[in-house]
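Shown next, in structure tokens, is the structure this report addresses.
The values are calculated or read from the model by the stated rules, or taken from the named source; none is laboratory data. Worth saying up front: this structure is predicted, and the values here are computed from it rather than measured. As a convention, Cβ positions derive from the backbone with ideal geometry for all residues, glycine included, and neighbour counts pool all protein chains shown. Side chains included, ligands, DNA and RNA excluded: accessible areas come from the protein's heavy atoms. Shrake-Rupley method; radii C 1.70, N 1.55, O 1.52, S 1.80 Å.
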Amino acid sequence: MNISHQKIDDINASITVDLAPEDYNPQVDKAIKDQAKKAKLPGFRPGMVPTSHIKRTYGKSILFDEVNRLVGDQINTYITEQKLEVLGQPLPKDEEESTQYNWDFNDAFSFEYEIGLAPAFDVPFSADTEFVAYDIAADTATLEERVKNLRRSYGKMINPEVSEEGDVLYAALKQNKEDGIEKTTSVRTDLVENAAIKKSLIGLKKDDTVKFDIKKAFKVADIARLLGITEDEAKDLEVTEFELTVKNINRLEEAELNEEFFNKLFPAGEVTTEEQFLAKVKEEVENLFKQNSDQRLRNDIYTFGMDKVEASFPEPFLKRWLKATNPEISDEELEGGFEDFLKNLKWTLIENRIVTANNLEVKYDEVVALAKERIYSQIKMYNINEEPTDEQLNQFAMQLLQDREQANRLFEEAKALKVFDYLKGVIKLKSTKIDYDKFEQLDK
């Protein structure tokens with residue numbers, strides 16, 4: 001057996017595998033014997049089918065499979081031993097070359113494969129590269145908005161006699177035309193965009209009527225929802241004047257700041273005063289801001305790395321590989337998504353170089369911990385007062401990681417976090433205080 005590779009250029013190469021009969025026949029003979037032991041054929045007792053019969057009937061198919069398996073194993077071993085950083089998987093250079101052989105257990109095979117090589121580049125991060133780490137202030141407006149949202153989440157619905165701004169009017173809508181649209185629905189006054197129309201919906205009582213231009217009042221998507229029509233139909237409405245007749249007024253009354261409310265949000269007895277509640281909200285908001293700051297830093301690091309690293313890729317090979325591994329993809333889909341594919345590939349290579357050069361390792365326990373963290377966040381999102389046990393989180397995490405796609409996604413996420421944590425210890429960080437509203441305007 002002989003295996004070698006030849007560089008075509010810096011990002012393209014080929015691998016040639018030469019096999020003599022003595023290289024593959026031992027494996028083929030073993031596979032035939034194994035098949036004979038398992039075969040259940042008419043006229044033979046189970047496990048007593050002669051190997052000569054198996055070889056005569058299925059020999060070429062077994063030979064084909066075993067040669068391909070042997071070639072694949074040898075190529076993978078060779079790539080590892082030669083420390084070749086390949087992209088994708090090796091592809092047969094001549095897909096019709098197998099027809100050149102007799103497949104009679106005496107062929108001397110020679111197979112040639114194309115491989116794409118990762119480009120050479122230097123990782124651009126060092127102690128001389130400076131980034132801003134934003135320390136985001138929890139401003140009064142944001143804290144007040146968070147408190148309001150929490151109080152509304154645990155508030156109760158009441159039915160006042162007179163409407164106010166923010167109420168939901170359960171009302172009949174009738175288009176001002178013969179055989180026009182009629183619909184009884186819930187009209188959210190907070191979604192009304194026109195100030196004059198919004199004012200006309202305040203101070204209404206049951207059975208009061210008011211006429212308004214629905215296109216001036218609402219966005220197309222809201223009109224479609226209100227009238228039970230498609231967005232295209234909403235966009236094409238010619239008669240836009242509607243009469244609204246109030247049937248009922250619904251108002252969400254915010255929860256009072258008392259111990260009953262606090263116990264719905266936090267473990268019983270942990271928060272008993274308004275001051276403690278506001279301190280908890282401030283802590284929660286600042287933790288969210290810390291996540292926003294970290295995400296901003298990750299984005300800045302990503303942008304810097306992508307801008308600084310200049311790399312060429314074996315694009316024709318990669319397109320051929322993508323088509324081979326995704327036969328259902330059309331040429332249009334391939335071309336449309338190829339630029340994003342190259343961007344993702346480039347950043348993956350940068351991350352992998354950092355991992356390899358610094359012996360970073362993503363451990364299984366870290367992936368499990370990340371899975372538990374994501375599950376915990378999801379549970380709290382839908383029920384803030386639910387506190388799952390560590391045993392429950394472990395059970396959910398194990399179930400999640402049984403899904404290979406989810407497990408791979410979490411592994412990649414854990415690797416990205418490890419690289420990010422490592423880079424924070426390498427680069428120069430300049431801490432800068434900033435108000436939340438100004439932080440939101442940074443990208444704008």
- Message: Let me check something: with ligands and nucleic acids excluded, how do 296, 409 order by accessible area (1.4 Å probe), largest to smallest?
- Response: 409, 296
- Full extension between residue 179 and residue 12 adds, at 0.36 nm per residue less the Cα distance, a length in nm of 53.2 nm
- Item | Angle in degrees between helix 274-308 and the longest Cα principal axis of the chain, rounded to the nearest 10 | 40
- How much length is gained on full extension from residue 300 to residue 412, taking 0.36 nm per residue of separation minus their Cα-Cα distance? 38.4 nm
- Kirkwood hydrodynamic radius of segment 1-84 from all distinct Cα pairs, in Å? 14.9
- Residues whose built amide H sits under 5 Å from the amide H of residue 201, excluding neighbours closer than 5 in sequence, are none
- Apply the Kirkwood formula to segment 220-288: the hydrodynamic radius equals the inverse of the mean of 1/r over all pairs of different alpha-carbon atoms; give it in Å with one decimal. 16.5
- Query: Using 1/(1 + (r/R0)^6) with R0 = 35 angstrom and r between the beta carbons of residue 428 and residue 120, what's the FRET efficiency to the nearest 0.05?
  - Reply: 0.85
- Query: Quick one: if you stick a label point 7 Å off each Cα along the C-beta vector at residue 402 and residue 320, how many nm between them?
  - Reply: 4.2
- Could you work out the per residue convex hull volume over the alpha carbons of segment 365-444, in cubic angstrom? 170
- When the Kirkwood radius is taken over all Cα pairs of segment 159-292, what Stokes-Einstein diffusion coefficient follows at 25 °C and 0.890 mPa s, in µm²/s? 140
- Item | Separation of the residue 264 and residue 73 label points, Cα + 7 Å toward Cβ, nm | 6.4
- What angle do you read, to the nearest 10 degrees and between 0 and 90, between the alpha-carbon axis of helix 390-401 and the longest principal axis of the chain? 50
- Item | Anisotropy class of segment 132-227 from Cα gyration tensor, a/c 1.5 cut | prolate
- Message: Helix 404-424 against the longest principal axis of the chain: what's the angle in degrees, Cα atoms only, rounded to the nearest 10?
- Response: 80
- Query: Given labels modelled 7 Å from the Cα in the Cβ direction, how far is it in nm from residue 233 to residue 438?
  - Reply: 5.1
- Message: From the mean inverse distance of alpha carbon pairs (Kirkwood) and the Cα radius of gyration, derive Rg over Rh for segment 188-233.
- Response: 0.99
- Task: With a ≥ b ≥ c taken as the square roots of the eigenvalues of the C-alpha gyration tensor of segment 55-127, please select rounded if a/c is under 1.5 and otherwise prolate if a/b is larger than b/c or oblate if it is not?
- Result: prolate
- Task: With r as the distance between the Cβ atoms of residue 272 and residue 344 and R0 = 45 Å, compute the FRET efficiency 1/(1 + (r/R0)^6) and round to 0.05.
- Result: 0.35
- Item | At 1.567 mPa s and 4 °C, Stokes diffusion of the chain via Kirkwood alpha-carbon radius, µm² per second | 44
- Query: If the chain between residue 85 and residue 288 were fully stretched, how many nm would it gain, using 0.36 nm times the residue separation less the Cα-Cα distance?
  - Reply: 69.2 nm
- Message: Show me, for segment 101-107, the HN-Hα J-couplings you get by feeding each phi into the Karplus relation (A = 6.51, B = -1.76, C = 1.60, θ = phi - 60°), rounded to Hz, glycine and proline as x.
- Response: 9, 7, 6, 10, 6, 10, 5
- Determine the relative contact order of the chain: mean sequence separation of Cα pairs under 8 Å and six or more apart, normalised by residue count, in whole percent. 19
